[in-house]
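Shown next, in structure tokens, is the structure this report addresses.
The values are calculated or read from the model by the stated rules, or taken from the named source; none is laboratory data. Everything quoted here is computed from the prediction, not taken from an experiment. Don't worry about glycine lacking a Cβ; one is built from the backbone with ideal geometry, like all the others, and counts go over all protein chains shown.
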Amino acid sequence: MTPYVLALYALVALAVALTAAYLRRYVMPRPPVGRMVGADIAVMVVTLVVMPFAYLHLPTGVVVSIFGLVVLTLTQLTLAPVLGGRWGMIAALLLCAADVTGFALGWPAALLVINDALLILLVVGVVNMWVQAAITPAQVAALAAALTLYDTLATGLTSLTADFVQRMQGLPFAPVLASSYGDDPALIGLGDCLMLSIWPVVALRAYGKAAAWCAAGLEAVLLALSIAFVLSHGRLLPLLTVLGPLIVVQWLYWRRWQARRTPAPARPEVNRALEVNRALEVADAPAGMWAALSPEGVLVAEGATPGLARKEARLAGTQGVPVVWRLGE
């Protein structure tokens, strides 16, 4: 059991490291979905909660087909910046075909290795897609809190997760990262891998290197404690039950830290903007127009949109970054 557990958490660490390395070097071809908003988080939570119930009552072929389509799409999106779009699709098709072939021929070792490779690519792709869609630390914390409640109920208090994993293990495109199957499996769910991978990179972008290293260090400690729990109790620790509150606490701390470090706006500039706003309103300037102010607070241009106001300010030869102010506010 011990070698399999150590191998499992080595795979988890690899997924987290590859996610961060990918983010530094590649940009995924984003679907036209815009920024991440609160409704997107709610949809993800509902999907993750409903998915095990649905798949426990669907035919195996339907379950494998759904997972296979999702894995193929996300694997191609992940590999496209590395290999190019055409070669990324070819590689994704070959990996998915190999996963199905390993299952059909009864090669459990090959199935395990290929399935782990696909799941790591899926984690790397999903996390980078979320980060590029500008997911915020608050949204990650909300997702972590919701999944903590769900994981505690589904894994710690009921057999829902165990029943779902029992049905999916050994099948192609299983949403688990595993080092062994059988009566005493060593595996971790897709949701755990996603949350372990996303928080360090989101913390890095929002709060800096100190927050990212803090997140990575706490996750390393959590994984070490999980290994000790497995070796002493003979079963896996529900990671999200502990990881979720850790993410929420870190978000609260770093948000407060950032608020203390953010300087207050310079009062002369704000006062000058208010004066310009009042003056233009007295002159019957239409509300909703945008005024561009120089860094010294001097009105230099107007425009119907912030972009037009900035453009006019640049054309007027304004030095420095102009401050854009909406009239009527």
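Looking only at the stretch 120-133, decide whether some residue is of a type outside the set (S, T, Y), in a loop (DSSP other than H, G, I, E, B), without any contact (Cβ under 8 Å) to a residue 12 or more places away in the chain and out of contact with any Cys (no Cβ under 9 Å at 6 or more places or on another chain). So far as the stretch 120-133 goes, no, none of its residues is of a type outside the set (S, T, Y), in a loop (DSSP other than H, G, I, E, B), without any contact (Cβ under 8 Å) to a residue 12 or more places away in the chain and out of contact with any Cys (no Cβ under 9 Å at 6 or more places or on another chain).
Of the residues that make up the stretch 14-25, is at least one modelled with pLDDT of 85 or more, touching an Asp or Glu at 6+ places or on another chain (Cβ under 8 Å) and not aromatic (F, W, Y)? Yes, the conditions are met somewhere in the stretch 14-25.
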